[in-house]
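Comments concern the structure below.
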Amino acid sequence: MNHLGIWCVLVLNWFSCYGERILFLSPVSTKSHKIGFMPIAETLAERGHQVTVVSPVEPLKQIKNLREIVIEKHYYSSENFDWFEMGSHDPDFTSLIGIINQFRALNIEGYQLFRANQDVQQIIRSKEVDLVVIDATINDFCFPLIEFLKVPFISYIPSSGIPWTINAMGIPSESAYVPGGANDHGSDMTFVERALNSLVMELFFWCRRYFVLGMVDEMVREDFPNSRPISEIERDAELLIMNSHPTTSWSRPLPPYAIPIGPLHVRTAQPLPKVIIIKNIVSFK
């Protein structure tokens, strides 16, 4: 019995030390998105987990237990597109249509580059994944893959101002004092601006569901024929991690599963380089 007890302790100890296989999905993103979630990925790798990161950004260094799959860069990951321009105008139907068209283009091109990657195909074939962390900003086409893998997932957003992810998680939009992102308003909106902000936000949610997610559902059906609608899958996230802090972003009531952890993108301060100042001596005759 003593030997059996020892073996049980050893087996339990082995399982408790076994690293999980964690997949970070951010195939459509910019460098700033990756800077935000990489501290999480690096810390998990340091603690013995096998971490894989999928993004269009080249790795800066090699880290033990961390593998990076670099997706071919999409149009919107280059200097051709100004992400901040989307919020530099008043909320109207023209800007709403433009944003919806951009989201459609991002998902179409992003999915084509994503599925063409051989390392991604290997992940699909092997299913060797225990947990997924998804950059839930505009990577809608990744949700059917998560359901196909049959693993829990965590949604990550690089700020607190991603209204469609907030909405998908059942968190109130608070459009009376939180701008929806398609404008440059602050929290001191007039009554008309608040009403317009609420209307445009609700229209955006509706258009995204039927004109973006509906299109993506059809597009990925060839690879994932048994997948549920993306609008259902994205609601199943176990947690929502936000790279934000109430003192620097729009404050709103949050449920326990929505966790602001900011600022994730800030790195440890480095000492300033030593500068030798040579004073010019001017002599006058």
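The values are calculated or read from the model by the stated rules, or taken from the named source; none is laboratory data. In this text the structure is predicted, and so the values were computed from the model without any measurement. Note that we place each Cβ from the backbone using ideal geometry, even for glycine, and neighbour counts take in every protein chain shown.
Enumerate the pairs (first residue in the stretch 224-238 and in contact (Cβ under 8 Å) with a residue 40 or more places away in the chain and within 19 Å of Arg115 (Cβ to Cβ); second residue anywhere and among the hydroxyl-bearing types (Ser, Thr, Tyr) and part of a loop (DSSP other than H, G, I, E, B)) with beta-carbon separation below 9 Å, excluding pairs fewer than 6 apart on the same chain, so at least 6 apart or on different chains. Matching pairs, first to second residue: Ile233/Ser227.
Given the condition in a loop (DSSP other than H, G, I, E, B), within 14 Å of Phe148 (Cβ to Cβ), touching a residue at least 40 places away in the same chain (Cβ under 8 Å) and of a type in the set (A, V, I, L, M, F, W, C), answer yes or no: does some residue in the stretch 207-221 qualify? Checked the stretch 207-221: no residue is in a loop (DSSP other than H, G, I, E, B), within 14 Å of Phe148 (Cβ to Cβ), touching a residue at least 40 places away in the same chain (Cβ under 8 Å) and of a type in the set (A, V, I, L, M, F, W, C). Summed over the stretch 193-235, the residues that are of a type in the set (Gly, Ala, Ser) and within 23 Å of the chain's Cα centre (by Cα) give a count of 3.
If you go through the stretch 139-158 and keep only what is crowded, with 20+ Cβ neighbours inside 10 Å and not in a helix (DSSP H, G or I), you end up with Asn139, Phe153, Ser155, Tyr156, Ile157, Pro158. Scanning the stretch 254-285 for residues being out of contact with any strand residue (DSSP E or B) (no Cβ under 8 Å at 6 or more places or on another chain) and at pLDDT 85 or above gives a total of 2. Annotation note: of Glu58, Glu72, Glu109, Glu128, the sole residue that is over 20 Å from Ile22 (Cβ atoms), modelled with pLDDT of 90 or more, in a loop (DSSP other than H, G, I, E, B) and charged (D, E, K, R) is Glu58. Residues being free of Cβ contacts under 8 Å to residues at least 24 places away in the same chain and on the phi < 0 side of the Ramachandran plot are represented in the stretch 169-184 by at least one member.
Restricting attention to the stretch 214-253 and to residues that are touching a strand residue (DSSP E or B) at 6+ places or on another chain (Cβ under 8 Å) and among the hydrophobic types (A, V, I, L, M, F, W, C), the residue that is surrounded by the fewest Cβ atoms within 10 Å (Cβ to Cβ) turns out to be Leu239. Taken over the stretch 42-53, residues that are touching a helix residue (DSSP H, G or I) at 6+ places or on another chain (Cβ under 9 Å) and either touching a residue at least 40 places away in the same chain (Cβ under 8 Å) or over 13 Å from Gly19 (Cβ atoms) (or both) amount to 2.
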